[in-house]
């Protein structure tokens, strides 16, 4: 893998730091007029998701990380692993719960999602920004309420719980923004 | 086609720049400080290991000479002072290789002035006066602040910047979420000061006010004189507004021998670090030998001043053609 100097650090670049694959978020050049130049870098650890700040002496370099995002279809959960497939090549990958993480509550069989691979092994899973899921459990709403104010919890077929307006009923399919976990609308079947 | 042929800044910003230049010239003209011009291109360079210069080839067949673009007009201006120019100022371009970021463009505009007979406190008074004038009509700055480097450093970190304690500095770095400082700085006191000052102190300096920091540690004296009363500090001042470093001033070194020694020391460091070879300015040494009058000098980055005057977020927003459009 190539190595990258601090001058080449830009948002999105994947590098190895402390033996973990990381993505550069922000790179700030800091230099006192009469002093040493530094680069103050904001980095996300792709294994843990944690964002840290780290300073480098300008001109230092880091090895690149072989990290790619691949669109895949979620197939099924065998109890231990979740299985994904690249639609074009039928290439299959299995992920443990640690790699799937928070995405698990939005994953429905057959849905598309993004799997991040590090050295060809799944590192993390990102669901589509919007998913459509059926409500499996919610209190009956109050008739006539269409305002959406207040709301009530609703459990979805994947196990996620979101707040929905009072008029939304059990069995209905709704659209949810996975980035915020917020209800968007009902989906007409 | 991309729109990169267009200027990156607005017409309003160009007007603001013109107004600032006018105000500066008016300010110095009223004080009888002479505007001068010196060459941007020369046969010698600065020797400061922290500043990378640009070089170019001067072709006069069959001869070819290596020329340097100035990193600051300091040396040429001091030669004028030694030749009896009296107090002078200059607005010029300076060039620093490899410097690019939110507050750096490799080519930038500098105001530099020298006042014969001024001590550093007098120069600070004048700097506050000029900055106050330039901000008039844009924003009211709070009263200018003055701190010694040591009191500031101690207030923010409880470390003594004048006495290096490897252990204390390490403990500070670990307790303040910058453990990498330990491996970057090692036993290099000046580097530790750069690291801690630029990361932990500078961003908090001069909130809506001009903040002037004086008595820099002797190991960061650069071209300033060592303080006559305290050999641990130098007669150097740095000025900040809203955490942005705006400029740097010295009670100028007039001792030719000491200047020659610092040049050689810096050239030695450059060799050790395998940096491009610097050519020391013999004319400057000769000028100091002939006699530089006692004086103080200040350099201000005018593009950064414009960032502050216009509330912009980066130097790229105040230049019509920052490097990527140049």
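Values quoted throughout were computed directly from the atomic coordinates according to the rules given, and no laboratory measurement underlies them. Predicted model only: the values in this text are computed from it and were never measured. When we count neighbours, we look across all protein chains shown, and the Cβ atoms used for this are built from the backbone with ideal geometry, even at glycine.
Give the Rg (one decimal place) followed by the Dmax (whole number) of the range A:67-127, computed from C-alpha coordinates and expressed in Å.
That works out to 10.0, 27 Å for Rg and Dmax.
How would you classify the protein assembly as shown from its alpha-carbon gyration tensor, with a ≥ b ≥ c the square roots of the eigenvalues: rounded for a/c under 1.5, else prolate if a/b is greater than b/c, otherwise oblate?
prolate
If I take every Cα pair under 8 Å that is 6 or more residues apart in the range A:3-63, average their sequence separation and divide by the length, what percent do I get for the relative contact order?
In percent, rounded to a whole number, it is 35.
Tell me whether the range A:32-189 comes out rounded, prolate or oblate; compute the Cα gyration tensor, take square roots of the eigenvalues as a ≥ b ≥ c, and use a/c under 1.5 as the rounded threshold.
oblate
What percent does the relative contact order of chain B come to when contacts are Cα pairs within less than 8 Å and at least six residues apart? Display every interim value, and only then the final one.
Numbers: 557 pairs, mean separation 79.5, N = 326.
After rounding, I find 24 percent.
Could you tell me what percent of the DSSP beta bridges with both partners in the range B:65-224 are antiparallel, to the nearest 5?
Bridges in the range B:65-224 that DSSP calls antiparallel: roughly 65 percent.
Can you give the helix-only mean residue ellipticity at 222 nm for chain B, where every DSSP H stretch with n ≥ 4 adds -39500 (n - 2.57) and the sum goes over all residues, rounded to the nearest 500 deg cm²/dmol?
The per-residue figure over chain B is -10500 deg cm²/dmol.
Kindly put A:93, B:214 in sequence by how many other C-beta atoms sit within 10 Å of each C-beta, fewest to most.
Ranked by crowding around the Cβ, least crowded first: A:93, B:214.
Can you sort A:43, B:184 from fewest to most other Cβ atoms within 10 Å of each residue's own Cβ?
Final ranking by Cβ density, sparse to dense: B:184, A:43.
Percent antiparallel among DSSP beta bridges with both residues in the protein assembly as shown, to the nearest 5?
On the way: 104 of 111 bridges.
Roughly 95 percent of the DSSP beta bridges within the protein assembly as shown come out antiparallel.
Between residue B:177 and residue B:14, what FRET efficiency follows from the Cβ-Cβ distance if R0 is 51 Å, with the result rounded to 0.05? Walk me through the intermediate numbers first.
Details: r = 42 Å, r/R0 = 0.82.
That pair, residue B:177 with residue B:14, gives E of 0.75.
Can you give me the Cα centroid spacing of the range B:88-131 and the range A:149-176 in angstrom?
Spelled out, the Cα-based centre of one part sits 62 Å from the other.
What is the fewest-to-most order of B:199, B:283, B:324 by other Cβ atoms lying within 10 Å of their Cβ?
B:324, B:283, B:199
Just report the Cα centroid separation between the range A:1-51 and the range B:232-290, whole Å.
Each part's Cα centre sits 32 Å from the other's.
Take residue B:271 and residue A:63, extend 7 Å from each Cα along the Cα→Cβ direction, and tell me the distance between the two endpoints in nm.
3.7 nm
Pairs of Cα atoms under 8 Å, at least six residues apart: use those to get the relative contact order of the range A:4-141, whole percent.
Relative contact order here is 18 percent.
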